[in-house]
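Below is one structure; the comments refer to it alone.
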Amino acid sequence: MKALIVDDEMNVRDVVRYVGQWDKYGVTELFEASNGQEAQTIIEKEKPELIFTDIKMPGMSGMEIIKWLDSISYPGKVIFITGYNDYSFMRQAIKCSSFDYLLKPIEPEPFNKALGEAVESWKNDQQSFYSDDSIDEDVKKLRVNQLMTAACMGEPYETNDILPYLPAADQYEMTLLSFYHMHHAEPYIELLADKLVTQKLGNAFSLQNDRNLCLVITIKNEWLTVEEWMGQQFDLPVRLVSGEPLPSLTKIASSFQQLQSDLDNHNYRSIHRLDELDAARRLKDIVTYVDEFYMEELSLEKLSNLFFFSREHISRKFKQETGLPLSKYMTKLRINQAKIWLKETEETIYSISLMLGYQDEKYLSKLFKKEVGVTPFEYRNENQKQIVSR
């Protein structure tokens with residue numbers, strides 16, 4: 001079996017190559033591509049069964065790759081690995097039949113779980129086992145989690161596709177769980193799901209667009225029993241918004257939106273408050289996260305939800321740790337990345353602006369000149385002249 005890793009950052013490709021248990025899952029040949037065009041050439045020649053690709057890359061993006069693969073009815077499995085936690089990407093990925101969606105930074109356990117499931121699914125496809133009974137349980141879980149994620153985001157779905165995963169009941173309730181960003185939530189979600197299914201109380205679903213969120217559907221008036229069990233079984237902090245009535249399985253999106261709004265507005269309860277953890281380590285986690293995802297739309301609000309600190313605390317401590325406010329720190333990182341792309345690529349200034357998260361190249365030029373002293377155009381010309389003079 002062949003696998004292809006596509007990412008414009010060499011260190012990311014190295015991490016994927018290192019953490020993957022390739023021999024265990026029968027992958028004998030591993031290819032790499034630094035951009036979409038190079039990937040397309042390798043795919044046409046080698047026909048890998050598995051493709052792991054970033055989404056945003058200079059030139060041909062990962063989304064363009066999967067659309068092309070969909071147009072040629074590519075039979076293999078595509079898994080996105082990206083730092084962009086944006087459901088618009090997830091929605092497109094689902095429509096183009098991607099197999100899974102993993103967020104950076106890459107962690108060995110969820111990566112290899114996705115790898116194993118993709119291999120199993122590919123084998124099932126090859127043997128033409130299309131009945132539900134022939135599909136591995138992990139693949140079933142992945143599919144229902146994808147279905148539930150799409151339902152929460154307002155995508156069309158059939159309630160008959162969800163009913164087999166819930167106990168029969170006249171009424172249900174929904175609860176949203178938020179796990180601390182640096183913890184691996186998947187084992188806890190699976191433990192909760194097994195408990196709910198075994199006791200015929202409901203089910204728990206891992207949301208694919210945000211692996212720190214878990215949606216729980218329980219039969220009416222049973223949530224407090226579940227919460228008490230979680231308090232005894234979970235050894236990590238969890239925020240939760242519970243008890244949102246679900247009058248019908250057709251109303252999943254509206255109920256989810258209310259829960260998400262309550263969570264964003266800090267109307268939640270906590271299990272195992274995070275005060276027990278080392279605050280200094282958490283602050284370093286925040287800085288590391290910003291260093292990784294500075295091209296996204298980051299805000300104090302988002303960091304607060306991810307790392308379980310107040311916005312005011314993060315603002316104050318982040319400046320103490322880095323010497324800069326969050327916004328200026330991100331601007332510095334973006335300008336440094338812009339300088340690299342201006343020197344080492346032929347991407348247009350407009351394209352660079354978009355990749356950095358700016359919709360207006362004039363705004364990037366203004367920031368760039370303020371930080372560097374010259375415009376991006378002038379900076380590129382100066383570097384080209386230096387290269388020629390050598």
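The values are calculated or read from the model by the stated rules, or taken from the named source; none is laboratory data. Note that the structure is a prediction, hence the values are computed from the model and not measured. As a convention, Cβ positions derive from the backbone with ideal geometry for all residues, glycine included, and neighbour counts pool all protein chains shown. Side chains are part of the model used for accessible areas, which takes the heavy atoms of the whole protein and leaves out ligands, DNA and RNA. Shrake-Rupley method; radii C 1.70, N 1.55, O 1.52, S 1.80 Å.
Residue-wise test of (1) touching a Pro at 6+ places or on another chain (Cβ under 7 Å); (2) open to solvent by 10 Å² or more (accessible area, probe 1.4 Å); (3) touching a residue at least 40 places away in the same chain (Cβ under 8 Å); (4) not in a loop (DSSP other than H, G, I, E, B).
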residue: 12; (1), (2), (3), (4): no, yes, yes, yes
residue: 32; (1), (2), (3), (4): no, yes, no, yes
residue: 69; (1), (2), (3), (4): no, no, no, yes
residue: 75; (1), (2), (3), (4): no, yes, yes, no
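Checked against the criterion of being open to solvent by less than 30 Å² (accessible area, probe 1.4 Å) and either among the polar types (S, T, N, Q) or within 30 Å of residue 260 (Cα to Cα) (or both), the candidates 334, 316 yield just one match: 334. Might you check whether a residue that is in a loop (DSSP other than H, G, I, E, B) and at pLDDT 85 or above occurs anywhere in the stretch 303-311? Checked against the condition, which is being in a loop (DSSP other than H, G, I, E, B) and at pLDDT 85 or above, the stretch 303-311 yields no hits at all.
Among 332, 343, which is the only one that is under 27 Å from the mean Cα position of the chain (by Cα), within 25 Å of residue 9 (Cα to Cα), at pLDDT 85 or above and assigned to a helix (DSSP H, G or I)?
Details: 343 fails: under 27 Å from the mean Cα position of the chain (by Cα).
332 is the lone residue from the list that is under 27 Å from the mean Cα position of the chain (by Cα), within 25 Å of residue 9 (Cα to Cα), at pLDDT 85 or above and assigned to a helix (DSSP H, G or I).
Conditions first: (1) over 23 Å from residue 144 (Cβ atoms); (2) assigned to a strand (DSSP E or B); (3) within 23 Å of the chain's Cα centre (by Cα). Residue 204 passes all but one, so which condition is the exception? Of the numbered conditions (1) over 23 Å from residue 144 (Cβ atoms); (2) assigned to a strand (DSSP E or B); (3) within 23 Å of the chain's Cα centre (by Cα), the odd one out for residue 204 is (1). Taking each residue of the stretch 366-389 that is at pLDDT 90 or above and looking for partners that are outside any helix (DSSP H, G or I) with beta-carbon atoms closer than 7 Å, six or more apart or interchain, yields 368/375; 369/375. Among the residues that make up the stretch 268-276, is at least one of them in contact (Cβ under 8 Å) with a residue 60 or more places away in the chain and under 30 Å from residue 155 (Cβ atoms)? Yes - at least one qualifying residue is present in the stretch 268-276. Considering only residues of the stretch 218-243 that are in a strand (DSSP E or B) and closer than 24 Å to residue 198 by Cβ, which is farthest from the chain's Cα centre (by Cα)? My answer is 219.
Restricting the stretch 206-228 to residues that are open to solvent by 40 Å² or more (accessible area, probe 1.4 Å) and more than 21 Å from residue 79 (Cβ to Cβ) leaves a set whose member that is modelled with the lowest pLDDT is 224. Report yes if residue 59 is under 19 Å from residue 120 (Cβ atoms), of a type outside the set (Ser, Thr, Tyr) and either at pLDDT below 85 or more than 11 Å from the chain's Cα centre (by Cα) (or both), otherwise no. Against the criterion (under 19 Å from residue 120 (Cβ atoms), of a type outside the set (Ser, Thr, Tyr) and either at pLDDT below 85 or more than 11 Å from the chain's Cα centre (by Cα) (or both)), residue 59 does not qualify. Every test in (1) assigned to a helix (DSSP H, G or I); (2) open to solvent by 50 Å² or more (accessible area, probe 1.4 Å); (3) within 30 Å of residue 104 (Cα to Cα) is passed by residue 252 save one, and that test is (2). Residue pairs whose Cβ atoms lie under 7 Å apart, separated by 6 or more positions or on different chains, with the first residue in the stretch 36-49 and closer than 11 Å to residue 68 by Cα and the second of a type in the set (Gly, Ala, Ser) and open to solvent by 40 Å² or more (accessible area, probe 1.4 Å), are 36/59. State all residues of the stretch 150-190 that are touching a helix residue (DSSP H, G or I) at 6+ places or on another chain (Cβ under 7 Å), closer than 24 Å to residue 104 by Cβ and assigned to a helix (DSSP H, G or I); if no residue qualifies, say none. Listed by number, the residues that qualify are 150, 152, 186. Each residue in the stretch 158-182 was checked for being surrounded by fewer than 21 Cβ atoms within 10 Å (Cβ to Cβ), among the aromatic types (Phe, Trp, Tyr) and under 22 Å from residue 220 (Cβ atoms), and 1 of them qualify.
The residue that is surrounded by the fewest Cβ atoms within 10 Å (Cβ to Cβ), counting only those in the stretch 100-123 that are outside any strand (DSSP E or B) and modelled with pLDDT under 80, is 105. Here residue 353 passes the criteria (1) polar (S, T, N, Q); (2) within 24 Å of residue 60 (Cα to Cα); (3) buried (at least 18 other Cβ atoms within 10 Å of the Cβ); (4) at pLDDT below 85 except the one numbered (4).
Counting only residues that are more than 18 Å from residue 190 (Cβ to Cβ) and not in a helix (DSSP H, G or I), which one in the stretch 124-143 is modelled with the highest pLDDT? Only one residue tops the list, namely 127.
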